[in-house]
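Structure first, commentary second.
The values are calculated or read from the model by the stated rules, or taken from the named source; none is laboratory data. Given the structure is predicted, the values throughout are model-derived calculations rather than measurements. Heads up, the Cβs are rebuilt from the backbone with ideal geometry, glycines too, and the neighbour counts pull from every protein chain shown.
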Amino acid sequence: MTNQTMYELGNQPSLIRELFAYGLAQAKVVGPENVFDYTLGNPSIPTPDAVTQAIKDILDDTDSIKIHGYSMAGGFDGTREAIAANLNERYGTDIKASNLFITCGAAPALISVIKGLAVEGAEIMAIAPFFPEYRPFVNNNGAKLVVVPADREHFQIDLAKVEELMTPNTQAIIINSPNNPSGVVYTKETLTALAELLTKKGEEYGHPIYIIADEPYRELVYGGVEVPFIPNIYKNTIVCYSWSKSLSLPGERIGYFLVPDACENAQEVFLAASGAARVNGHVCAPTLPQMVIERCVGEMPNLQAYDDNRTLLYDSLTAMGYRCAKPDGAFYLFVEVPGGDDFGFCMKAKEEHNLLVVPGTGFDCPGYMRLSYCVSNEMIRRSLPAFEKMIADLK
């Protein structure tokens, strides 16, 4: 006998991964230059030289027992102190090392925080469109996911819908900005209005409602757009972060959760999330990446290649007649599907053109497709005739 919920999750195929695997197989048949794969959000700009050099220096200069041994459960003091100092310098905060818990990327941070907040009957909200894994993260860690429908005009937050769906069981709302899959950055005005709503409803319900800020794309923005640091807007904010995207380190699995002192019941929340990390085995994040982050926490990505891709793809598709919100961050374009049948469009694109795009239904926003433009500029240019043929066929 097995746990059937876990069995179903393990047996449930990921459409993104299936499309990626299909692309690899097709590349062997028709040649990689004839496959146009926009599926994975896998960074394509190089890791900064300073990161590579830090790895070499650590391996050369540090005792191998320390490099490959355990850290403390919540991470090295030096790593957490470096992160706190960097955040304080950038955002004018008063974060301490003791507010931070180092995790194996953003996913374990999110799971730990969700599980730590999952009192009996807890509901946690997510704003569509959202990263599909939020659903199992919430529903299988003691809470119920409540989906707020998308604002399909601007892809900001429909505050009226948030208020309509809130109940006394609402414990938290997950905010992902810059957003996967839309690339939209929630404005300061949007977040301030959300903070006012959560404050009002928290007072009405007699308990705080937390923002869980999922921020792996925080540094990936274009044209001087500001990504507001949400703890400076709403005190009851818990931040979950990863360096996978900002430093092109998805394989190193390094991130953190942050519970600022200003949060209501901050120590209780921090310890509950720490206990959840313990239960789920998310303690003692990899040692070498922690040492690297301590040295390189101030490094920023060179986003010119992503920005060039963003501009080329957005300008080209909109000129053809496709509609989408222009992304200010991350490396995704969320495009309205002509005719509205996202699965049909994506299957036709795959079968007729080896054009691999992801249906918006998986992000709780049917009628759209996600394109991940962390790819080569040359591939985008080669793919444009396929997009043009697809929209012509549907007119």
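Some points to look at:
- Entry remark, the stretch 315-342: residues being crowded, with 19+ Cβ neighbours inside 10 Å and in contact (Cβ under 8 Å) with a residue 60 or more places away in the chain number 11 in total.
- Any hit, the stretch 108-119, residues being over 16 Å from TYR210 (Cβ atoms) and surrounded by fewer than 24 Cβ atoms within 10 Å (Cβ to Cβ): no
- When GLY74, GLY92 are screened for being in contact with a strand residue (DSSP E or B) (Cβ under 9 Å, 6 or more places away or on another chain) and not basic (Lys, Arg), only GLY74 passes.
- Elements of type helices (runs of 4 or more DSSP H) contained in the stretch 33-102, each with 3 or more residues being surrounded by 13 or more Cβ atoms within 10 Å (Cβ to Cβ): 49-61, 77-91
- Contacts under 8 angstrom Cβ, first residue in the stretch 5-25 being of a type in the set (Val, Ile, Thr), partner assigned to a helix (DSSP H, G or I), 6 or more apart: ILE16/GLY362
- Inclusion of GLU215 among residues that are charged (D, E, K, R) and out of contact with any strand residue (DSSP E or B) (no Cβ under 8 Å at 6 or more places or on another chain) is not warranted.
- Test: residue in the stretch 196-215 that is surrounded by 21 or more Cβ atoms within 10 Å (Cβ to Cβ), under 30 Å from THR311 (Cα atoms), free of Cβ contacts under 8 Å to residues at least 60 places away in the same chain and touching a helix residue (DSSP H, G or I) at 6+ places or on another chain (Cβ under 7 Å): yes
- Among (1) surrounded by 24 or more Cβ atoms within 10 Å (Cβ to Cβ); (2) of a type in the set (A, V, I, L, M, F, W, C); (3) out of contact with any strand residue (DSSP E or B) (no Cβ under 9 Å at 6 or more places or on another chain) - the single one CYS240 does not satisfy: (3)
- Qualifying residue in the stretch 115-126 (condition: in contact with a Ser or Thr (Cβ under 9 Å, 6 or more places away or on another chain), among the aliphatic types (A, V, I, L, M) and touching a residue at least 60 places away in the same chain (Cβ under 8 Å)): yes
- Scan of the stretch 127-148 for residues that are in contact (Cβ under 8 Å) with a residue 40 or more places away in the chain and outside any strand (DSSP E or B), ordered by number: ALA128, PRO129, PHE130, PHE131, PRO132, TYR134, PRO136, ASN140, ASN141
- Lone qualifier among LEU312, LEU258, LEU220 - being within 18 Å of PHE331 (Cβ to Cβ) and buried (at least 18 other Cβ atoms within 10 Å of the Cβ): LEU220
- In summary, VAL29 fulfils each of the numbered conditions (1) surrounded by 15 or more Cβ atoms within 10 Å (Cβ to Cβ); (2) out of contact with any helix residue (DSSP H, G or I) (no Cβ under 9 Å at 6 or more places or on another chain) with the single exception of condition (1).
- For PHE345, the criteria (1) surrounded by 19 or more Cβ atoms within 10 Å (Cβ to Cβ); (2) at pLDDT below 95 hold in every case but one, which is (2).
- Test: residue in the stretch 305-323 that is part of a strand (DSSP E or B), in the same structural domain as LYS389 (by TED's automatic domain parsing) and among the charged types (D, E, K, R): yes
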